[in-house]
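J.: Pasting a structure below so you can have a look.
The values are calculated or read from the model by the stated rules, or taken from the named source; none is laboratory data. Computed from a prediction, not measured in an experiment: that's the story for all the values here. Using ideal geometry, Cβ is built from the backbone for each residue, glycine included, and neighbour counts are taken over all protein chains shown.
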Amino acid sequence: MSTDGSDELNLTKDQPDAAVGEPVRSSTATAAPAADAYLSVRDLRIHFDTDDGLVKSVDGLSFDLARGRTLGIVGESGSGKSVTSLGIMGLHRTAKARISGEVWLDGEELIGADADRVRRLRGRKMAMIFQDPLSAMHPYYTVGAQIVEAYRVHNKVSRGAARERAMEMLERVGIPEPRKRFSDYPHQFSGGMRQRAMIAMALINNPELLIADEPTTALDVTVQAQILDLIRDLQKEFGSAVIMITHDLGVVAEVADDLLVMYAGRAAERGTAEKVFTEPQHPYTWGLLGSMPRMDRDRIDRLNPVKGTPPSLINVPSGCAFHPRCPYAELNGGSSETVVPELREVAAGHVVACHLADADRARIWTEEIEPKL
Ligand SMILES: Nc1ncnc2c1ncn2[C@@H]1O[C@H](COP(=O)(O)OP(=O)(O)OP(=O)(O)O)[C@@H](O)[C@H]1O
Ligand code: SF4
Ligand SMILES: [Mg+2]
């Protein structure tokens with residue numbers, strides 16, 4: 001991948017604002033970006049043609065992210081988090097990908113924009129820390145040369161000045177003896193070191209939107225904390241918008257302002273991180289929180305983690321994609337099995353895609369969920 005492919009970050013903020021109880025999906029699909037949104041995703045669909053059929057990896061996703069905010073995206077493996085990120089970055093432009101919807105970045109629509117334009121924005125305005133560091137680095141060039149190049153593509157500086165900046169970044173991400181390691185090739189780095197080098201490459205241009213896809217999974221706890229601090233510094237200094245994708249709900253709880261819970265390529269729930277953690281509304285979110293490790297509770301007091309396996313994205317279950325695994329599916333007179341739930345606002349800025357009637361949700365919340373949270 002070219003060196004401009006890896007650096008940016010930004011976030012969107014939560015969305016809109018239909019009256020409580022009203023479906024918002026149709027309106028968000030066409031609505032103009034929220035006034036303060038730096039990133040605005042509207043009805044994004046990313047499907048792939050494969051020999052087995054059409055894979056609906058992302059299927060109607062909308063959200064906004066303002067500068068200075070961090071959006072956490074959570075959801076189990078295969079729910080479409082990385083495909084969404086790569087789609088925002090314009091990295092799915094292949095014959096097999098069918099993409100529709102809108103991605104607005106700082107007022108500019110990217111899905112319909114030409115590839116050169118998106119490439120120019122990548123690395124400068126938006127950057128990504130990739131889940132797989134190897135995919136972000138070219139095997140034939142040294143790590144140092146790639147980071148220098150990522151900087152020089154967007155900044156008119158001498159090679160020497162770019163080299164100094166690259167060293168500084170390598171040092172900041174915790175690479176020991178950066179001057180020595182500068183001329184190593186990616187395969188000479190350990191997995192954790194490659195991850196850090198890629199983070200250096202993503203952050204070197206101070207992106208206004210940074211998408212961090214599992215940025216700290218291969219790293220030990222100390223380095224993980226350093227990296228999160230680095231991202232926070234970037235955000236503070238440059239008002240960057242950040243999307244943080246992680247399986248680690250502890251990390252999300254620490255860094256996210258807003259939270260998007262994805263299931264089968266769609267939003268199950270979205271709201272401020274505080275609301276989603278303290279008053280989750282979707283049965284899938286209840287299960288996710290049940291799988292969070294907790295030392296302060298006996299097993300018996302815990303929420304039940306999600307049972308069953310992730311759905312096929314080729315034959316997505318009818319109605320609510322979560323219905324085969326949902327303990328409450330039968331409460332809705334068959335609509336869970338037949339009708340795709342739209343996002344409804346259940347409190348200001350807090351939306352949920354679930355057919356549960358308010359009275360049922362309130363009862364389940366009070367009797368089963370809240371006592372175990
Ligand atoms: N190029 C592609 N062609 C076909 N299917 C794809 C392609 N890229 C991703 N997918 C499928 O899209 C779905 C969503 O993948 P994605 O990588 O976004 O999941 P994820 O939420 O990031 O999961 P994880 O937590 O494991 O990283 C998966 O079923 C994946 O197999
Ligand atoms: S719509 Fe039905 S199946 Fe889906 S989460 Fe709500 S109750 Fe469960
Ligand atoms: Mg992923």
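J.: Among the residues of segment 305-323, write down those that are exposed (fewer than 15 other Cβ atoms within 10 Å of the Cβ) and either free of Cβ contacts under 8 Å to residues at least 60 places away in the same chain or closer than 19 Å to Glu368 by Cα (or both).
T.: The answer is Pro305, Lys307, Gly308, Thr309, Ser318.
J.: If you don't mind, another one. Here are Ala264, Ala268, Ala253, Ala273: which of them is more than 13 Å from the chain's Cα centre (by Cα) and either within 15 Å of ligand 3 (Cβ to nearest atom) or at positive phi (or both)?
T.: Ala264
J.: Let me ask something else. Could you identify the single residue in Ser57, Ser40, Ser79 that is at pLDDT 95 or above, within 20 Å of Val351 (Cα to Cα), small (Gly, Ala, Ser) and part of a strand (DSSP E or B)?
T.: Ser40
J.: Can I ask one more? Just one of Val83, Val103 is farther than 19 Å from Ala37 by Cα and either touching a Lys or Arg at 6+ places or on another chain (Cβ under 6 Å) or surrounded by 18 or more Cβ atoms within 10 Å (Cβ to Cβ) (or both); which is it?
T.: Among Val83, Val103, only Val83 is farther than 19 Å from Ala37 by Cα and either touching a Lys or Arg at 6+ places or on another chain (Cβ under 6 Å) or surrounded by 18 or more Cβ atoms within 10 Å (Cβ to Cβ) (or both).
J.: Arg124 fails exactly one of the following numbered conditions: (1) within 16 Å of ligand 1 (Cβ to nearest atom); (2) among the basic types (Lys, Arg); (3) out of contact with any helix residue (DSSP H, G or I) (no Cβ under 7 Å at 6 or more places or on another chain). What is the number of that condition?
T.: Failed condition: (1).
J.: Count, please, the residues in segment 318-357 that happen to be under 29 Å from the mean Cα position of the chain (by Cα) and not in a loop (DSSP other than H, G, I, E, B).
T.: Number of matching residues: 14.
J.: Within 29 Å of Gly250 (Cβ to Cβ), among the basic types (Lys, Arg) and away from ligand 3 (no atom under 16 Å from the Cβ), is that true of Arg69?
T.: Answer is yes for this residue.
J.: I need a count of the residues in segment 140-180 that are part of a helix (DSSP H, G or I) and out of contact with any Phe, Trp or Tyr (no Cβ under 6 Å at 6 or more places or on another chain).
T.: Matching residues across segment 140-180 total 24.
J.: Test Asp14 against the stated conditions and say whether it is in contact with an Asp or Glu (Cβ under 6 Å, 6 or more places away or on another chain) and either at pLDDT 95 or above or in a loop (DSSP other than H, G, I, E, B) (or both).
T.: yes
J.: Also, quick follow-up: Quick check: anything in segment 107-130 on the phi > 0 side of the Ramachandran plot and not in a loop (DSSP other than H, G, I, E, B)?
T.: Checked against the condition, which is being on the phi > 0 side of the Ramachandran plot and not in a loop (DSSP other than H, G, I, E, B), segment 107-130 yields no hits at all.
J.: Counting just the residues of segment 295-317 that are part of a loop (DSSP other than H, G, I, E, B), farther than 22 Å from Arg361 by Cβ and over 23 Å from the mean Cα position of the chain (by Cα), which one comes out farthest from ligand 3 (Cβ to nearest atom)?
T.: Asp298
J.: Right, here's the next one. Given segment 248-294, what helices (runs of 4 or more DSSP H) lie entirely inside it while holding 2 or more residues that are crowded, with 24+ Cβ neighbours inside 10 Å?
T.: 283-290
J.: Can you name the residue in segment 146-179 that is hydrophobic (A, V, I, L, M, F, W, C) and surrounded by fewer than 19 Cβ atoms within 10 Å (Cβ to Cβ) and, of all such residues, is nearest to Gln195 (Cα to Cα)?
T.: It comes out as Val153.
J.: Every residue in segment 324-356 that is more than 10 Å from ligand 2 (Cβ to nearest atom) and in contact with a helix residue (DSSP H, G or I) (Cβ under 6 Å, 6 or more places away or on another chain), please.
T.: Across segment 324-356, the qualifying residues are Glu342, Leu343, His350.
J.: Can you pull out the residues in segment 62-79 that are surrounded by fewer than 24 Cβ atoms within 10 Å (Cβ to Cβ) and away from ligand 2 (no atom under 16 Å from the Cβ)?
T.: Ala66, Arg67, Gly68, Ser77, Gly78
J.: Moving on. Filtering segment 84-105 down to residues that are among the hydrophobic types (A, V, I, L, M, F, W, C) and free of Cβ contacts under 8 Å to residues at least 60 places away in the same chain, which residue is farthest from ligand 3 (Cβ to nearest atom)?
T.: If we take residues in segment 84-105 being among the hydrophobic types (A, V, I, L, M, F, W, C) and free of Cβ contacts under 8 Å to residues at least 60 places away in the same chain, then Ala95 is farthest from ligand 3 (Cβ to nearest atom).
J.: Here is a list: Leu234, Leu219. Which entry is under 17 Å from Pro133 (Cα atoms), more than 16 Å from ligand 2 (Cβ to nearest atom), surrounded by fewer than 24 Cβ atoms within 10 Å (Cβ to Cβ) and among the aliphatic types (A, V, I, L, M)?
T.: Criteria check complete, one pass: Leu219.
J.: Only residues that are modelled with pLDDT under 90, more than 25 Å from Tyr140 (Cα to Cα) and outside any loop (DSSP other than H, G, I, E, B): list them for segment 181-228, please.
T.: Correct list: Val221, Thr222, Val223, Gln224, Ala225, Gln226, Ile227.
J.: Here's a follow-up. When you scan segment 290-304, do you find a residue that is under 30 Å from Ala66 (Cβ atoms) and modelled with pLDDT of 95 or more, even just one?
T.: The answer is no; no qualifying residue exists.
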